[in-house]
Amino acid sequence: MKIVRLFSLLVLALPATTSAELENEIQWGVEAVTGYRSDYIYRGFELAESTLDFQLEAEVALSDTLALNIGGWYATETGSGDFDEVAGFLKLHHQTTEHLTLGASATYRDFNNSLFEEGVDLGLTATWNFCRDFGITLGGYYDTGAEGWYGNLESYWTKPVSDKAFFALKTGISAVDSYYDRDGFNDVYARASLTYNISDTVSVTPFIGGSALLDSDDIGDDTAFGGIWFEVRF
């Protein structure tokens, strides 16, 4: 039922035009991703162990500098665990200058068998792109489920390794305020991935990562994880 509700929300949020009209008026694309991860780490919290997830996302170019992303995902713990999550999101990105991109997002998340509560996560981001392959993002978010704030500063770096593959590295540091019994500096985190493009529309991405808490009194543990994504673009 949750998947049906999420799909219905996505359909209702799409513009009421035909596919032919969309092709003539705006540029758009759809990506479907399914994957597995050994541990589900979110904002320094371990929400579940081995997890399968599926995400569907559409991007609409509203102008040369403005883009809207709409999508959702479903995640479920495998094995003996009974955690699951359903979510839907809207993201708006505006490239204000050659190097600066501003963003706003709203994400609804619903959890079963989790310390996290159902709610809406509202965020603002600013990304400075030093070049095509390197940039930093400053983000601030308010989570109505936690009734608390989350902020992070993260960097991304990509490096082509062949005509069909590229390496990506994301690192960051986060801080929280009244966020599920945590306050102050939260964690440092990193994720490394290697994407191989099987074709123009299909790719596979194995990845590894980890999160290290900055306050030993915080609930939770330092965690490492690995996994793989399989992506299809339309």
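The values are calculated or read from the model by the stated rules, or taken from the named source; none is laboratory data. No experiment lies behind these values; they were computed from the predicted model shown. Methodologically, a virtual Cβ is constructed for each residue, glycine included, from the backbone with ideal geometry; neighbour enumeration extends over all protein chains shown. Just so you know, the surface numbers come from the protein's heavy atoms only, side chains and all, with ligands and any DNA or RNA stripped out. Shrake-Rupley method; radii C 1.70, N 1.55, O 1.52, S 1.80 Å.
Annotation: per residue accessible area for the chain equals 56 Å², rounded to a whole number [probe 1.4 Å, protein chains only].
For a test of the definition: using alpha carbon positions, the gyration tensor, and the 1.5 limit on a/c, classify segment 22-124 as rounded, prolate or oblate. Prolate is the answer for segment 22-124, as a/c is 1.5 or above and a/b outweighs b/c.
Projecting label points 7 angstrom from Cα along Cα→Cβ for ALA192 and ALA106 puts them 4.0 nm apart.
The overall shape of segment 29-233 is rounded: from the C-alpha gyration tensor, with semi-axes ordered a ≥ b ≥ c, the ratio a/c is less than 1.5.
Given the Cα-Cα distance of ASP133 and GLU98 and 0.36 nm per residue of separation, how much length would full extension add, in nm?
11.2 nm
Using a simple spin-label model with pseudo-atoms 7 Å out from Cα toward Cβ, GLU49 and GLU117 lie 2.8 nm apart. Against the chain, whose longest principal axis comes from its Cα atoms, helix 2-13 is set at around 40 degrees.
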